[in-house]
Amino acid sequence: YRNGKYFYEHETYKKFMQHVESLFPNSRIYFFLCSDEKIPEEDFSEFKIVVNKKGNAIEDMYLLSVCQYIMGPPSTFSKWSAYYGNVPLFIMEDDATLPVQNDFKVKYNHYY
């Protein structure tokens, strides 16, 4: 997609994850990681992570929808999860712009 513009290396995700942990210093943070490729868990050993090893894309999407925040590259996958669960979303438009708490937004609030 777009010549790999949003295909980020593990180091980029780790940088963003470390930054997110710094945004919530008094919280115990768990990251749910999902991808259409195998996730080498050892690359993320410094974090508390959850990986749906035997699941599929639909399960991953619905698991994301029950997270407190979603962060990822621009994709229908994360947008649908955020919409379905009414979850604040931060879209990683590049590999350098780190979020602040107010950057996580509920884009489409479907509850009235």
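Scan region 76-88 residue by residue and report those that are under 16 Å from PHE7 (Cα atoms) and under 11 Å from the mean Cα position of the chain (by Cα). Let's see the steps before the verdict.
Of the residues in region 76-88, the ones under 16 Å from PHE7 (Cα atoms) are 76-78.
Passing the criteria: PHE77, SER78.
Which residue pairs have Cβ atoms under 7 Å apart, sit 6 or more places apart or on different chains, and have a first residue in region 55-80 that is under 16 Å from GLU37 (Cβ atoms) and in contact (Cβ under 8 Å) with a residue 40 or more places away in the chain and a second that is aromatic (Phe, Trp, Tyr) and open to solvent by less than 70 Å² (accessible area, probe 1.4 Å)?
Partner pairs satisfying both residue conditions: PRO73/TYR6; PRO73/TYR8.
Looking at region 1-30 only, could you name the residues that are free of Cβ contacts under 8 Å to residues at least 40 places away in the same chain, outside any loop (DSSP other than H, G, I, E, B) and over 20 Å from PHE77 (Cβ atoms)?
GLU11, LYS14, GLN18, GLU21, SER22 - these are the residues of region 1-30 that are free of Cβ contacts under 8 Å to residues at least 40 places away in the same chain, outside any loop (DSSP other than H, G, I, E, B) and over 20 Å from PHE77 (Cβ atoms).
Any idea how many residues of region 31-72 are under 13 Å from the mean Cα position of the chain (by Cα) and either within 21 Å of GLU11 (Cβ to Cβ) or part of a loop (DSSP other than H, G, I, E, B) (or both)?
Count: 16.
Take the residues in region 50-76 that are open to solvent by less than 70 Å² (accessible area, probe 1.4 Å) and touching a Gly at 6+ places or on another chain (Cβ under 9 Å), then tell me which one is nearest to VAL100 (Cα to Cα).
Checked region 50-76; the qualifying residue nearest to VAL100 (Cα to Cα) is ILE70.
Considering region 1-49 alone, what residues qualify as being in contact with a Phe, Trp or Tyr (Cβ under 7 Å, 6 or more places away or on another chain) and either loosely packed, with under 13 Cβ neighbours inside 10 Å or at pLDDT below 95 (or both)?
Passing the criteria: only LYS48.
Filter region 78-112 down to residues that are in contact with a Leu (Cβ under 8 Å, 6 or more places away or on another chain) and either more than 17 Å from GLN18 (Cα to Cα) or open to solvent by less than 50 Å² (accessible area, probe 1.4 Å) (or both), then give me how many there are. Lay out the reasoning, then the answer.
The first filter runs over region 78-112 and keeps only residues in contact with a Leu (Cβ under 8 Å, 6 or more places away or on another chain), leaving 78-79, 81-82, 85, 87, 99-101, 104-107.
Keeping just the survivors that are either more than 17 Å from GLN18 (Cα to Cα) or open to solvent by less than 50 Å² (accessible area, probe 1.4 Å) (or both) gives 78-79, 81-82, 85, 87, 99, 104-107.
Number satisfying all stated conditions: 11.
The values are calculated or read from the model by the stated rules, or taken from the named source; none is laboratory data. From a predicted model like this one, the values you see are computed outputs, not experimental measurements. Backbone-built Cβ (ideal geometry, glycine too); neighbour counts: all protein chains shown. Surface accessibility is based on the protein's heavy atoms, side chains included, excluding ligands, DNA and RNA. Shrake-Rupley method; radii C 1.70, N 1.55, O 1.52, S 1.80 Å.
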